[in-house]
Amino acid sequence: MQLSRRQVLKQLLFVSAGTALIPSCLLVPQKAGIKLKHITVTADQEMLFNAFADTLIPKTESEGALDVHADLFVWKMLDDCSSVEEQESFLKGLNRFSAEFQKKHQQFFNNATSLQRDAFLKSIEMKKDPKDFLLIFYKNAKQRLIQAYTGSEFFLTKIQVYEQIPSRFHGCVPVLNNPIKQA
């Protein structure tokens with residue numbers, strides 16, 4: 001049986017396409033797209049944190065946390081500037097965050113409605129136990145997301161216009177109630 005060049009190329013295309021698709025069909029947990037030096041973050045954890053960031057600072061008429069890459073800033077700060085204990089606490093809190101939400105709503109945080117997400121975040125804010133991994137994660141993540149967002153180029157050029165020092169000169173400003181009196 002002779003094969004034409006067209007049949008050989010067609011068979012080669014099917015084999016190469018199959019080879020490319022086989023890894024995606026395996027049920028092996030995937031690594032995250034971001035590369036960090038000290039911590040390992042799974043793709044599920046990364047997607048969960050993206051949903052968390054999008055819930056805290058959503059995209060409206062202005063850009064949201066994901067648009068200014070605040071999530072990547074938090075991961076980088078956690079990797080580079082946090083101790084091993086803080087990193088472990090953050091990841092434990094993130095995992096507990098996911099487990100608590102699944103237990104309460106029987107679905108993943110990523111798939112929930114914005115009302116369910118907001119209600120869950122408000123319930124976390126009401127907690128008082130300072131040693132709770134969930135509360136530690138929430139406060140730390142919220143603080144760093146706000147830091148990333150307010151330090152972004154978008155925020156400093158469109159929302160709160162930043163002027164470099166020495167700024168503008170105001171020559172005719174009256175000085176009232178001068179606390180330093182000359183004797």
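The values are calculated or read from the model by the stated rules, or taken from the named source; none is laboratory data. The structure presented is a predicted model; accordingly, all values stated were derived computationally and were not measured. Backbone-built Cβ (ideal geometry, glycine too); neighbour counts: all protein chains shown.
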Going through segment 32-55 in order, the residues found to be touching a Gly at 6+ places or on another chain (Cβ under 9 Å), of a type outside the set (D, E) and crowded, with 16+ Cβ neighbours inside 10 Å are A53
Every listed condition ((1) crowded, with 18+ Cβ neighbours inside 10 Å; (2) out of contact with any helix residue (DSSP H, G or I) (no Cβ under 9 Å at 6 or more places or on another chain)) holds for Q143 save (1)
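Can you spot a residue in segment 32-45 that is of a type in the set (D, E, K, R), outside any helix (DSSP H, G or I) and at pLDDT below 95? Walk me through how you get there before you give the answer.
First pass over segment 32-45, keeping only residues of a type in the set (D, E, K, R): 35, 37, 44.
Checking which are outside any helix (DSSP H, G or I) leaves us with 35, 37.
Narrowing the set further to residues that are at pLDDT below 95 leaves 35, 37.
The answer is yes; a qualifying residue exists.
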Of the listed residues (I146, I124), the one being touching a Phe, Trp or Tyr at 6+ places or on another chain (Cβ under 6 Å) and closer than 22 Å to I57 by Cα is I124
Against the condition farther than 30 Å from G93 by Cβ and under 24 Å from the mean Cα position of the chain (by Cα), how does T150 come out, does it pass? no
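Would you say P58 is modelled with pLDDT of 85 or more and either out of contact with any Pro (no Cβ under 8 Å at 6 or more places or on another chain) or closer than 23 Å to K142 by Cβ (or both)? Give the steps one after another, and end with the answer.
On the way: modelled with pLDDT of 85 or more: yes; either out of contact with any Pro (no Cβ under 8 Å at 6 or more places or on another chain) or closer than 23 Å to K142 by Cβ (or both): yes.
In short, yes.
Which is farther than 25 Å from A43 by Cβ and surrounded by 13 or more Cβ atoms within 10 Å (Cβ to Cβ), of I136, I159?
Details: I136 fails: farther than 25 Å from A43 by Cβ.
One residue alone meets the criteria, I159.
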